[in-house]
Amino acid sequence: MAGTSEKLTDFAKRGQEAVSSAFDAWTDAVGSLASFRPSAAEAQSLLDSSYGAAEKVLASQRDFAKSVLEAGVQVVETVGEQADKVSAKARTTATRTPSV
């Protein structure tokens, strides 16, 4: 289970880094617009590239969420398997123990 915990931590860190990087790129782009007077074609290109960057961030977040979900499912399955083993062992022990 420690491996799953490490995976979740790694996924969270990578997701945070991706969002932080996208935000940094966005703030740099907005900062450069202060003196920028685009033509219609340049504005269209800027719009397309902005939406392209947003699509990449969203895809990254989707992949991150899927990874977290997969790791969570693995944790639940592992805990369930362990509970089944403990339960089976308890039933076996209970059937061997004579009643008083």
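The values are calculated or read from the model by the stated rules, or taken from the named source; none is laboratory data. As the structure is a computational prediction, the values presented were derived from the model and not from experiment. Cβ placement follows ideal geometry from the backbone for every residue including glycine, while neighbour counts extend to all protein chains displayed. The protein model used for the area step is the full one, side chains on, heavy atoms only, and it has no ligands, DNA or RNA in it. Shrake-Rupley method; radii C 1.70, N 1.55, O 1.52, S 1.80 Å.
Tabulated values for the structure
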| read-out | value |
| --- | --- |
| Residues that are of a type outside the set (Lys, Arg) and either on the phi > 0 side of the Ramachandran plot or more than 8 Å from the chain's Cα centre (by Cα) (or both), drawn from segment 54-72 | ALA54, GLU55, VAL57, LEU58, ALA59, SER60, GLU70, ALA71, GLY72 |
| Residues being under 16 Å from PHE64 (Cβ atoms) and of a type in the set (Ser, Thr, Tyr) - total across segment 1-27 | 4 |
| Unique match (being under 30 Å from GLY3 (Cβ atoms), in contact (Cβ under 8 Å) with a residue 24 or more places away in the chain and not charged (D, E, K, R)) among SER67, SER87 | SER67 |
| First in segment 1-23 and touching a residue at least 60 places away in the same chain (Cβ under 8 Å) and polar (S, T, N, Q), second anywhere and in a helix (DSSP H, G or I) and open to solvent by less than 70 Å² (accessible area, probe 1.4 Å), Cβ under 6 Å, 6 or more apart | THR4/ALA71; THR4/GLN74; THR4/VAL75 |
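Yes or no, residue by residue, for (1) in contact with a Phe, Trp or Tyr (Cβ under 8 Å, 6 or more places away or on another chain); (2) open to solvent by less than 70 Å² (accessible area, probe 1.4 Å); (3) among the aromatic types (Phe, Trp, Tyr):
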site	(1), (2), (3)
SER20	no, yes, no
PHE23	no, no, yes
ASP28	no, no, no
ARG37	no, no, no
LEU47	no, no, no
ALA54	no, yes, no
LEU58	no, no, no
GLN61	no, no, no
SER67	yes, yes, no
